[in-house]
1. Report the residue count in region 160-189 for those that are touching a residue at least 24 places away in the same chain (Cβ under 8 Å) and exposed (fewer than 15 other Cβ atoms within 10 Å of the Cβ).
2. Out of curiosity, is residue 79 without any contact (Cβ under 8 Å) to a residue 40 or more places away in the chain, buried (at least 19 other Cβ atoms within 10 Å of the Cβ), within 30 Å of residue 196 (Cα to Cα) and of a type in the set (Ser, Thr, Tyr)?
3. Looking for whichever is of a type in the set (Val, Ile, Thr), more than 22 Å from residue 94 (Cβ to Cβ) and either touching a residue at least 40 places away in the same chain (Cβ under 8 Å) or out of contact with any Pro (no Cβ under 7 Å at 6 or more places or on another chain) (or both) here; the options are 241, 252, 154. Which one fits?
4. Answer yes or no as to whether residue 106 is of a type outside the set (Lys, Arg) and buried (at least 18 other Cβ atoms within 10 Å of the Cβ).
5. So which of 99, 113 is surrounded by fewer than 24 Cβ atoms within 10 Å (Cβ to Cβ), at pLDDT 95 or above and not in a strand (DSSP E or B)?
6. Under the condition of being in a strand (DSSP E or B), closer than 20 Å to residue 85 by Cα and modelled with pLDDT under 95, which residue from region 9-67 is nearest to the chain's Cα centre (by Cα)?
7. If you check residue 73 against the conditions, is it of a type in the set (Gly, Ala, Ser), surrounded by fewer than 15 Cβ atoms within 10 Å (Cβ to Cβ), touching a strand residue (DSSP E or B) at 6+ places or on another chain (Cβ under 6 Å) and not assigned by TED's automatic domain parsing to the domain that holds residue 178?
8. Search region 22-45 for residues that are closer than 22 Å to residue 100 by Cα and pair each with any residue that is crowded, with 18+ Cβ neighbours inside 10 Å and of a type in the set (Asp, Glu) when their beta-carbon atoms are under 6 Å apart and the residues are at least 6 apart or on different chains.
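The values are calculated or read from the model by the stated rules, or taken from the named source; none is laboratory data. Note that the structure is predicted; figures quoted are calculated from it, not measured. Quick reminder, even Gly has a Cβ in these numbers, built from the backbone with ideal geometry, and neighbours come from all protein chains shown.
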Amino acid sequence: MNRGPPGGRTVVDTEAVLVASSPRYRSVAVARVVPETGDTVSLVLDIPPADAAVFTYRAGQFLTLRAVVDGGAHPRSYSMSSAPAVDAELQVTVKRVPGGLVSNWVNDTLRAGDRIEVTPPAGSFVVDPDPDDHDRPIVAFAAGSGITPVFSIVKEVLASSERRIRLLYANRDRASTIFAAELDGLAARHPDRLLIRHHLDVERGFVGPADVDAFLDGAGEAEHYVCGPGGFMEVVEAALVERGVDRRTIHVERFTPEVPDADEPADDTGVTATQLTIRLAGRRVTVNHRPGTTLLQAARSAGLRAPSSCETGNCATCMARVTEGAVRMRNNEVLSDEEVADGWVLTCQSEPTTPTVAVVYE
């Protein structure tokens, strides 16, 4: 679920004991590369038995892959399309992005037997295990490669519960529909529990509020899962809210960074000037923070190669520890309350709220 910014400030105790570390990459082999569509492949990973517990995951989560391309290391986050209750092997799915460095490398270069570096699974776009919700239907909206975590959730829920699922899945055309045959097969095997409506843009145009509203008819009270391109998710979220859906039942997985609206003031922290000190890989730099930018952006502007991946608050690749001052996170999907209390923040989502801030990348 995309919970949005926490309500208060993150105040750091400089004497706190270190209790967390940056995600550690593990080298794993690619068991198989499975073509899904003309521009999408799935990577089946051969997880060593010794790392099986480390790679335990929940349906809807993702991992971060670090690709070495043209001499540089480039992390990217991809959702699992496998489901732990159904699939014996862990699988992620990668759709080619025009001009995308890593997605094109994955689609064009990776072969069975190659080794890649990945982090353990993370993410909170998952089905709530609360037993009180076990009878609550699930209504999902996906577009394009946004189907990946939703597909994992659909398989998991069908295999491990009696819950009913409705899925509105939007694509350009049938040929670009990832997992089309598998989804139709699931619907055929579970006609009383799984309803899928394929929305093809070439036939009906882009999904609009009326499409969302019509799909909700008869769904009743449900948990809602949304994943896809930014414009698609904005339309779906707005339509759900307009319909009166409880925001607490709307779970969103964002693949792309969010940026402040150009019409809004960039700085809403109340801090007029901040001196920011950053320590990374043996270097220590002090810069004047530019209002409206994140700690990660400041580190990059200072010439530091700060780690990052999703840049939406959904992974922990960019995490660092604030040792002086306070910051506010716009979004946090992965750090626990204990980690935040101990000073850990997601630098891609953090802005200073005090005149001086010191940050250490461990």
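1. Number of matching residues: 6.
2. no
3. So the residue among 241, 252, 154 that is of a type in the set (Val, Ile, Thr), more than 22 Å from residue 94 (Cβ to Cβ) and either touching a residue at least 40 places away in the same chain (Cβ under 8 Å) or out of contact with any Pro (no Cβ under 7 Å at 6 or more places or on another chain) (or both) is 241.
4. yes
5. The match here is 113.
6. If we take residues in region 9-67 being in a strand (DSSP E or B), closer than 20 Å to residue 85 by Cα and modelled with pLDDT under 95, then 62 is nearest to the chain's Cα centre (by Cα).
7. Judged against the criteria, residue 73 is a match.
8. Here the result reads 42/36, each pair linking region 22-45 to a residue that is crowded, with 18+ Cβ neighbours inside 10 Å and of a type in the set (Asp, Glu).
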